[in-house]
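The values are calculated or read from the model by the stated rules, or taken from the named source; none is laboratory data. Since the model is a prediction, treat every value here as computed from it, not as a measurement. Don't worry about glycine lacking a Cβ; one is built from the backbone with ideal geometry, like all the others, and counts go over all protein chains shown.
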Amino acid sequence: MTKQQIPTSSHNRQYKMTVAGQLFKHLGLQMYSGAVPAISELISNAYDAMARNVWITIPTGGALTHNDVIVVRDDGHGMSYDECNSLYLSVGRDRRSHENEWTKEYNGLGSRKVQGRKGIGKLAGFGIANLIELRTIKNEHVSHFRMDYDQLTKSSKFTDTEGYKPDPFPDDGMSTAERPSTTITLSRLKIQRSINEGQFKKSIARRLLVIDENFSVHVNGTPVSRQEIPFQFRFPENVGAWETAELENGQQFQWWAGFCKDTIPDEEQRGFVVYVRRKLAQTPWLFDLSGGVWGQHGMQYLTGEIQAEFLDESVDLIATDRATVRWEDPIAAPLKEWGRKKIKELLEKWIDNRREAKTKSPKIKLFIEQAAKLPANERKIFKTVVNRICDIPQLDKDKAGRDIADDLVEFAFNAMTNRSFLDTIKRLNAASAVDVAHFEEVLSEWDIIEAVNTAHLVKGRVEIIQKFAQMIKGRVPEKPDMQNYVRDHPWLIDPKWTALVHEKSLDRLIMEKFGIEKTGQADGKRRVDFFCLGDKYKTVHIVETKRPRMTIGRTELDQLRDYVLFLKTKLQEEANEEHRRTTVRGLLIADDVRSEDHMHAEAHQNAGTFEIRSWNSLLTSTETLHEEFLNVVKTRAPADDPRMKSLSLDFFGERDAQNENQS
């Protein structure tokens, strides 16, 4: 054996474990990096200290600065000097192994089941601040000191003899008449993001089930409350109710779940929170279940809570950050599997319940009633389509607030009637001489279907007309509002203009000729106040719009005259004969012409250069025409036909009644 291989005496060697300062970075900054998790731990400590109240003062509504402070004060039993040293400053001390799992009765409160276990929650403040100041009162004496994160973490190690020595304040050890309490002040903050007070309170409430009549938490003077958000469906049904379940291994727990009518915008509110000892042990999650046949979309509506005490009885299954459970452990795994199955079951119930709720929508009920009069085969098809539509979770409301499912069911119903129209054609084509006697019946149905489809068109146009009337009454700007509206719906000017299209190339010809820039007026340049409509073969209309109730004169009249004369000459010179236009007319939409320019206006109109019409004359003529058209359509279908009745076609009667009431 060589000299290097000769063992030394065991009495000459000593092993020692030291704690590196870097460990505190992991236990503080990395484990509790956020105002909500950090302050929740301080609230939990106050609960274990038998506090009735916790008061939190925190800057909200704006970005935090290095000079801001957060204060957490409670009215618990406080700590003595010895307790500060042996209990509070002892990192990693398992309170439950040294003391009873239940607190002692205090100040009229019954004993509480201790929430703390790992002995590191006191470091949570370091997740959001560099300085933790603790001032605690017990037995009429003050214990007051400060811990510095930079000092704590710069040392490579702390030995049993050295340790870290917090800095005491001048009043440390002094007598006081103050009642027992503990105040923790966090300063030199590490967080900068603005804190929304309402959201902060909701998140705190989400983490703690202990908030009740015996334990209150106040944020900036207002209490935090655990109030359920409104649900469309809840399991069990009653608000605040819990259901007890049992796993195959005999472990029991409580749970509830709820689906909102609309998607839950805050992701922290989605999924199940798992509590142990009425304190968050697992942040909201969906038991690692995602998408697939069960529909990821449905999970955006789901929230719930679980109380599972068995996760923290014989073995501690809660991760150090109090945000996750070690679900791979044999004790926790059955609950995870239960959760996956329960979510699938709940999503199936949710789909069924939503389908039933949607089919009770007044509009869908109406179409279902109308479909009852359809032939049996079509009625069956329509019912299947309605169920399929109502099954789709994504069909909520559009940006205008309209229910998409309602619109799709209406579309499906109209499609069914159109299919009947095609069947009518097929029956006519296949008819034999023997069936001639039935032609009257077939053609009658044809007329009804055609009337229904036409009525749908008129109904849509009436909504546009009503909007047009509101714009005129509100005197909205002619550019771009009134101008764009008329350009996009040219039939408001003349029903024969339905097929005309906006010809931007003709707009550009006029703009280039007259030096018009398509910009605002701040730089002195003119803005486009006209548009060209044409059929690309024969006729072009140049439409110029002025604001409702605006008075025009010779300048505006001559301007449109110049546009018309130029474009007429330009198009007649077109080399391609197919593109030549034989007719170019102008239309000036304005409400009044200055009295001294009336003769000038009449001269242009008499010459056929352009026409002048007021906004109200456009409105009156299009209303009258569509009202007459609608009356003709009504005569082509029986008054009691469900397809016509569903359209609520008395638009203009309702308008007249409103006008009478206003007058």
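For this structure, a couple of remarks:
- Residue, farthest from the chain's Cα centre (by Cα), within segment 598-612, restricted to residues that are buried (at least 17 other Cβ atoms within 10 Å of the Cβ) and of a type outside the set (A, V, I, L, M): His604
- Matching residues in segment 590-611 - criterion: being at pLDDT 90 or above and assigned to a loop (DSSP other than H, G, I, E, B): Ala590, Asp591, Arg594
- Test result for Lys426, surrounded by fewer than 16 Cβ atoms within 10 Å (Cβ to Cβ) and modelled with pLDDT of 70 or more: no
- Test set (1) under 26 Å from the mean Cα position of the chain (by Cα); (2) over 20 Å from Lys201 (Cβ atoms); (3) assigned to a loop (DSSP other than H, G, I, E, B); (4) among the polar types (S, T, N, Q) - Gln282 fails condition number: (3)
- Helices (runs of 4 or more DSSP H) fully within segment 291-377 that include at least 3 residues being touching a Leu at 6+ places or on another chain (Cβ under 6 Å) and modelled with pLDDT under 90: none found.
- Among the residues of segment 50-77, those identified as modelled with pLDDT of 95 or more and either among the aliphatic types (A, V, I, L, M) or assigned to a helix (DSSP H, G or I) (or both) are Met50, Ala51, Val54, Ile56, Ile58, Val69, Ile70, Val71, Val72.
- Look at (1) within 18 Å of Cys532 (Cα to Cα); (2) within 52 Å of the chain's Cα centre (by Cα) and you find that Asp558 fails only one, number (2).
- Scanning segment 256-279 for residues that are under 20 Å from Ala308 (Cα atoms) and assigned to a strand (DSSP E or B) gives Trp256, Ala257, Gly258, Gly271, Phe272, Val273, Val274, Tyr275, Val276, Lys279.
- Test: residue in segment 126-135 that is modelled with pLDDT of 90 or more and surrounded by fewer than 19 Cβ atoms within 10 Å (Cβ to Cβ): no
- Residue within segment 222-242 that is free of Cβ contacts under 8 Å to residues at least 40 places away in the same chain, assigned to a strand (DSSP E or B), of a type in the set (Val, Ile, Thr) and out of contact with any helix residue (DSSP H, G or I) (no Cβ under 7 Å at 6 or more places or on another chain) present: yes
- Qualifying positions in segment 487-509 - of a type in the set (A, V, I, L, M, F, W, C) and over 10 Å from Phe531 (Cα atoms): Trp491, Leu492, Ile493, Trp497, Ala499, Leu500, Val501, Leu509
A quick yes/no check of all residues on (1) among the aromatic types (Phe, Trp, Tyr); (2) modelled with pLDDT under 75; (3) exposed (fewer than 15 other Cβ atoms within 10 Å of the Cβ):
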site	(1), (2), (3)
Glu441	no, yes, yes
Gly460	no, no, yes
Met471	no, no, no
Glu478	no, yes, no
Tyr485	yes, no, no
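- For segment 202-213, the tally of residues that are surrounded by 13 or more Cβ atoms within 10 Å (Cβ to Cβ) and either at pLDDT 95 or above or in a loop (DSSP other than H, G, I, E, B) (or both) stands at 3.
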